[in-house]
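Working notes for the structure below.
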Amino acid sequence: MLKTLPPGATIGILGGGQLGRMTALAAARLGYRCHIYCPEAGAPASQVTSLTTIADYSDQAALADFAAAVDVVTYEFENVPFVAAETLARHVPVRPGPEVLRICQNRLREKDFCREAGVPTARFAPIGSARDLHERVAEFGRPCVLKTAELGYDGKGQIAIGRDTDLDAAWARAAEAAAPAGMILEEFVDFRLEISVIVARGLDGTRRTYVPVENQHKHHILDQTIVPARVSEKVTDKAKGIARHLAEKIGLAGLLAIEMFITADERVLVNELAPRPHNSGHWTLDAAVTSQFEQLVRAIAGLPLGAPDRLADAVMKNLLGDEAAAALAAWSDPNEKLHLYGKSEARPGRKMGHTTKLIRR
Ligand SMILES: Nc1ncnc2c1ncn2[C@@H]1O[C@H](COP(=O)(O)OP(=O)(O)O)[C@@H](O)[C@H]1O
Ligand SMILES: [Mg+2]
């Protein structure tokens, strides 16, 4: 099983967004081809690869052809239907494995998994009815947060329950959004800051962990990542330890990004897991020995992992909508790297690119 992917082999990537694009660029440097599978034409990842299958994720015939055309499969977002990953895994190695995807695409399973692994999270409960909601809100206290168990991102599918929120109305709104995966209620964490840790695990079980970074959101979308996170050594060690532990427990082959809340009394609570490269790891392209994208390719190709060490401190800023064109026009700082994703339509809130400012001492 410890077979290294030979030069010229093909990595299949489910999803055609910027994470796939940057993974494909890293794969190309190592002599691998990438074959993108996504529903839309002209996707950011397709622009930098010669092979794309444009098909729905439930298209069994297209999935079978894709499996036959690639040597290993990975994904760049976790909302690929589990059955698609499972179908592919019958024919070709899927890394991270389908079970990892199954856990990470559902907030309840994710938090149950953390609980079983002995890793703290915010208090949570599944919510299946207005009655559940009344009972649990009474138990957790206000404020708290009601989230769809599946398919949420950038704050979508979340309802804040404040002092005056009418629970029946909230449930009516939620029930529309939730079906069929259900909802989860979480206690509100009054965090001091949010961090994330990206851990890689190779086929031989080696793990490498990037430094914890600090994430600042605007309107629930990641705005800036500050590298490293401004936390104590104790929190850094705890966060890295959690990442290493979860990577082992989940049987990772590839990358796992872990979002965490840090409280004023230095508790570390896991919020979300992503089994793929992560927006908060973009700084590694310019300021780490091995980028998260190269690390993913190395991990799934059976190559030795690279050093995750940072070469400089950095601040990564996302460019949403029109900000990308503006950043390009105003680009002047020689220590700032600009990355654009090749998306033609600059819709408001859409991730169009990012900058990484290197802070060298
Ligand atoms: N239980 C919570 N307590 C406090 N803030 C939260 C909680 N859950 C989410 N948030 C805030 O909302 C943001 C988005 O929520 P998250 O669960 O990460 O979903 P997603 O990133 O998929 O939209 C978090 O980064 C955090 O700022
Ligand atoms: Mg999140």
Would you mind working out the magnitude of the charge dipole of segment 124-251 relative to its Cα centre, with +1 at each Lys and Arg C-beta and -1 at each Asp and Glu C-beta, to the nearest 20 Debye?
560 debye
Which percent, nearest 5, of DSSP beta bridges in the chain are antiparallel?
80 percent
Mind checking which of Thr52, Ala28, Gly12 is farthest towards the positive end of segment 6-117's charge dipole, using Cβ charges of +1 (Lys, Arg) and -1 (Asp, Glu) about the Cα centre?
Ala28
Ascending count of other beta-carbon atoms within 10 Å, so fewest first, for Tyr341, Tyr153:
Tyr153, Tyr341
For each of Trp283, Trp171, Trp331, count neighbouring Cβ atoms within 10 Å of the residue's Cβ, then give the residues from fewest to most.
Trp331, Trp171, Trp283
Run a plain Debye calculation on segment 209-251 (Cα atoms as equal point scatterers, no solvent) and give log10 I(q)/I(0) at q = 0.24 Å⁻¹, rounded to two decimals, same order as the q list.
-0.84
Mean separation of Cα pairs under 8 Å and 6+ residues apart, divided by the residue count of the chain: what relative contact order is that in percent?
15 percent
Among Phe188, Cys144, Leu203, whose Cα sits farthest toward the positive end of the charge dipole of segment 136-224 (+1 at Cβ of Lys/Arg, -1 at Cβ of Asp/Glu, about the Cα centre)?
Leu203
DSSP-assigned coil residues among trypsin sites (Lys or Arg not before Pro) in segment 129-189, each with at most 14 further Cβ atoms within 10 Å
Lys156, Arg163
19 Å tail of the calculated P(r), segment 193-359, as % of Cα pairs:
56 percent
Total formal charge among the other residues, if their Cβ is under 13 angstrom from that of Ala264, Lys/Arg +1 and Asp/Glu -1:
-1
Descending Cα extents along the principal axes, the chain, whole Å:
58, 54, 41
I need the trypsin sites (Lys or Arg not before Pro) found in segment 1-92, filtered to DSSP loop residues with at most 12 other beta carbons within 10 Å of theirs.
Lys3, Arg90
Rounded to whole Å, √(5λ) for the Cα gyration tensor eigenvalues of segment 252-314, largest first, gives 23, 16, 9
List the residues of segment 139-157 whose backbone N lies under 15 Å from a point placed 7 Å from the Cα of Thr165 along the Cα-to-Cβ direction.
139-149, 155-157
In whole Å, how far is the Cα centre of segment 198-259 from that of segment 287-361?
17 Å
What net charge do the residues around Cys104 carry, taking every other residue with its C-beta under 9 Å from that of Cys104, with Lys and Arg at +1 and Asp and Glu at -1?
0
Packing-based exposure ordering (other Cβ within 10 Å, fewest first) of His219, His134, His339, His278:
His219, His134, His339, His278
Global size of segment 123-187 as Cα Rg and Dmax, reported in angstrom:
10.4, 28
Restricting attention to the alpha-carbon atoms of segment 10-94, what are Rg (one decimal) and Dmax (integer), both in Å?
11.3, 31
Check: segment 1-116 dipole with +1 on Lys, Arg Cβ and -1 on Asp, Glu Cβ, in debye:
360 debye
Contact order normalised by length for segment 123-187, with contacts defined as Cα pairs under 8 Å and 6 or more residues apart; what percent is it?
50 percent
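Values in this text are rule-based calculations from the coordinates and carry no lab data. Source: prediction; values computed, not measured. Because the Cβ atoms are built from the backbone with ideal geometry, glycine has one as well, and the counts that use them run over all protein chains shown.
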